[in-house]
C-alpha cells in the first residue's frame, strides 16, 4: 500500500469504491487487501476494491482469488503505480450537483448514460470527476440544445473508447506478450508491463491532447475558411480563379455492408484494391490522393478536365473490386495546411459526392463548363440544396461516351 496518500477508513473505502461494507470486510478477512498498522487504507485500495467487486459480480469466487494471491499467481500490487488514479465515488448525489449547478437533472443523467455508464438515479453518488464534466455541460447548455449535448457526449465517448481498446490490445499483445516470450511468469510479465505503463502513460496522455489540438486546428481552420468564403459570396466579392484546381471525392457504395457480411479482411482487400486503382488512374493525369476516408478517397487535380476523366475511369473500374462507386467533383481555390485542403470547393465536392447514386459521377456547373472535352457529355441535373451553401448549386452528371 502506498504510504504517500491520505489514510482512508474502511467505511470511506466502501463508499469511494461504490461497494458494500460487507464486500470490503470479506476482502480484508481473506487477506486480498490489507490496512496499515492503524487499520487505515490508501487511494490505490479504492481501485482494488472496485476491481474485486467487479470480479465478484462476474461470478468469480473471492476465496479462489485469495488462494491465487497467496500462491503468487495473481497480484493486485499494480494498483499502487501512479497511472492507476481513476476517479472514485464522491460525496454528492446527482440531485445535489444538479441543484448546485442549476442544471437539468434529466440532462445530467442522459449525459452520464451517453458517456457509457448506466443511467443513475437522483440519489446515486457522483464520481469525483463528474463536477468537471457537468460544469462544462452547464456552460454549453446556455447555447446548445440538450439533444445535441447528449449526442456530442456520445461521440466523444466512442472516440475515447476506441483509443482505450487499442491501448489494451497493444498492452496485451506487444508489451505483456513480449515479457511472456522472454520466459517470465504472467505475474512478473504484468508487473513489468505496468512499470512500463507508469512511465509511458503521461506521455501517451500528452500525445492524445496534442493530436486532438492538431485536429482542432484543422477543423476550425476549415470552418473559418468556409465561413469567410460564404460571406464574400453573399457580398458578391467571391472571385473564382481563371484556372482553378479540382477536388474530387470517390466513395465505394456498400462498403460497410461488405465488412459486416464478409469480415474486416474482405474490407481490407477492397481498400487495398481501391488504393492501387487510385494510384494507377490519378498519377498519369496529374492527380494526387489527399486523404483516405476508409471507404473512399479525396483527390486533387491541377485541371478539372483531368479530374473528370480520372474520376469517370475510377467509377467505371470500381465494380471490378466487388463494389460500385459514386463521385463528386468541384473546382476552385482552397487553403492548404498540414497536408490537407480546406475551402468551398472541397466542401462542395464532398456534398455533391454524397448525393450521387452508385455508378454516378456528379460535377458542379463550373466543372462542366471548364472540362468540356470529346468523349464526355455533361447532362444537366436539378440544382441541389446543399448544407453550407446559400443558393441552389447547379449540378451535372458526367457520362463517358
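The values are calculated or read from the model by the stated rules, or taken from the named source; none is laboratory data. This structure is a prediction, so every number in the text was calculated from the model and none was measured. Glycine gets a Cβ as well: all are built from the backbone with ideal geometry, and neighbour counts include every protein chain shown.
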For residue 87: the one exception among (1) modelled with pLDDT of 95 or more; (2) in a loop (DSSP other than H, G, I, E, B); (3) in contact with a strand residue (DSSP E or B) (Cβ under 6 Å, 6 or more places away or on another chain):
(1)
Out of all the residues in the range 114-155, which are in a helix (DSSP H, G or I), under 19 Å from residue 87 (Cα atoms) and in contact (Cβ under 8 Å) with a residue 12 or more places away in the chain?
114, 130, 131, 133, 134, 135, 137, 153
I'm told residue 89 meets every condition in (1) without any contact (Cβ under 8 Å) to a residue 60 or more places away in the chain; (2) touching a helix residue (DSSP H, G or I) at 6+ places or on another chain (Cβ under 6 Å); (3) crowded, with 19+ Cβ neighbours inside 10 Å except one. Can you identify the failing condition by its number?
(1)
If you scan the range 345-374, which residues turn out to be outside any helix (DSSP H, G or I), modelled with pLDDT of 90 or more and buried (at least 16 other Cβ atoms within 10 Å of the Cβ)?
356, 360, 361, 362, 363, 364
Of all residues in the range 377-401, count the ones that are in contact with a strand residue (DSSP E or B) (Cβ under 6 Å, 6 or more places away or on another chain), under 17 Å from residue 304 (Cα atoms) and surrounded by 14 or more Cβ atoms within 10 Å (Cβ to Cβ).
6
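Here is a yes/no grid of residues against (1) over 30 Å from residue 100 (Cβ atoms); (2) modelled with pLDDT of 90 or more; (3) surrounded by 16 or more Cβ atoms within 10 Å (Cβ to Cβ):
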position: 156; (1), (2), (3): no, yes, no
position: 163; (1), (2), (3): yes, yes, no
position: 176; (1), (2), (3): yes, yes, yes
position: 193; (1), (2), (3): yes, yes, yes
position: 206; (1), (2), (3): yes, yes, no
Wholly within the range 219-310, which strands (runs of 3 or more DSSP E) include no fewer than the required count, namely at least 3 residues that are loosely packed, with under 15 Cβ neighbours inside 10 Å?
287-292
Kindly provide the set of residues from the range 1-52 that are in a loop (DSSP other than H, G, I, E, B), closer than 20 Å to residue 72 by Cβ and assigned by TED's automatic domain parsing to the domain that holds residue 74, ordered by number.
30, 31, 32, 33, 34
Residue 61: passes all of (1) at pLDDT 90 or above; (2) farther than 30 Å from residue 132 by Cα; (3) over 37 Å from the mean Cα position of the chain (by Cα) but (3)
Condition check for residue 377: in contact with a helix residue (DSSP H, G or I) (Cβ under 9 Å, 6 or more places away or on another chain), modelled with pLDDT under 95 and more than 30 Å from residue 219 (Cβ to Cβ):
no
